[in-house]
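Written below as structure tokens is the structure these notes are about.
The values are calculated or read from the model by the stated rules, or taken from the named source; none is laboratory data. Just so you know, these numbers come straight off a predicted model, no measurement behind them. Because the Cβ atoms are built from the backbone with ideal geometry, glycine has one as well, and the counts that use them run over all protein chains shown. What goes into the accessible areas is simple: the full protein's heavy atoms, side chains included, and nothing from ligands, DNA or RNA. Shrake-Rupley method; radii C 1.70, N 1.55, O 1.52, S 1.80 Å.
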Amino acid sequence: MLDFFTTDVLSLIIVSLGVGVAVGLTGMGGGALMTPALIAFGIPPVTAVANDLVASAANKSVGALVHWRQGSPHLRIAGWLMLGSIPTAFAGAFIVQSFGEPEVANEILLTIIGVALMLAAVTYLARTLVRLANPVGAEDDVQVKPLRTVGIGVLGGTLVGITSVGSGSVIMVTLLLLYPALSPRKLVGTDLLQAVPLVVAAAISHVIVTGVDWEVLVPLLIGGPVGTYLGSRLSTVVKPAVVQNGIVIVLSLTSLALLGVPPFWVGVVGATMLILGPLIWAVIVHRVADRGTVHEHPDSGRPPP
């Protein structure tokens, strides 16, 4: 385990700063990046999830405050999400506790986190494709769908409560599917706002069941909020897509490693994604964008010149 005033602690501060920037900029990647990073430092999965959730409660509060002041959250949608996510997020630690002894729980949780990271990577890509296929409309025309929104909250709350992954990935892309007219900034602001009580509820239950490790938590609380604030401020001038591809690669390879894929094949997949990924992705984006353009101009029967 970590000691204070060591290079490990400094490394944790730097990593949490970078993760915070990603959260503030994209609204995604908090638990998906920080939890596996903690595991890489040798911290047991159950402890990593508990400390990451407590730190995330502070990080997302900072990001939500910035987006609130910029007027971006959709308050009604956020409210319905909270109705579904808060109770299920609170149940997360007790679900993990039901896995059995710490050794067994850590092994099971490691696999669940691996699956959750792959899901996060897929939803990252899906978010971009859905946005291209469904161009942003007039936000005043957004019709709130309470039952479906609560359902998204239930799904996201359960996933976050167990793994700390999902508040900025699964919830984000399902929101985009349900409300394609929301602008990227309003989508990020809404997700960050609802994520605060969600993560707080999950953190409280994990503190009750697991407790916190201050040698892990303090570095996260130092670097995370600063990074989230900077990322939230940069969201007005930096396109989230700038960091998206790198995050997808990191999440995918980390997921494979946690699921027990041999290092050789993880390296092969990583090399393939780096070499062929940009070309394949460019072709997919081009085709989806073309279809979205045609959808915008049904009378013409073809994309405009």
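If the chain linking T111 and I249 were pulled fully straight, counting 0.36 nm for each residue of separation and taking away their Cα-Cα distance, it would gain 47.8 nm. Between I204 and V285, residue separation times 0.36 nm minus the direct Cα-Cα distance comes to 25.1 nm. Between L234 and F94, the simple spin-label model (points 7 angstrom out along Cα→Cβ) gives 4.0 nm. For V269 and K145, the difference between the fully extended length at 0.36 nm per residue and the C-alpha to C-alpha distance is 40.7 nm. Please work out the FRET efficiency for the pair R76 and L10, using the Cβ-Cβ distance as r and a Förster radius of 30 Å; give the result to the nearest 0.05. The formula returns an efficiency of 0.10 here. Our analysis of region 93-134 gives Rg over Rh at 1.28, with the two radii drawn from alpha carbon positions and Rh computed by the Kirkwood formula. Calculate the translational D of region 170-272 in whole µm² s⁻¹ from Stokes-Einstein, where the hydrodynamic radius comes from the Kirkwood formula applied to all Cα pairs, the temperature is 37 °C and the viscosity 0.692 mPa s. For the chosen part, D equals 194 µm²/s. For V122, the solvent-accessible surface with a 1.4 Å probe is about 80 Å², rounded to the nearest 10.
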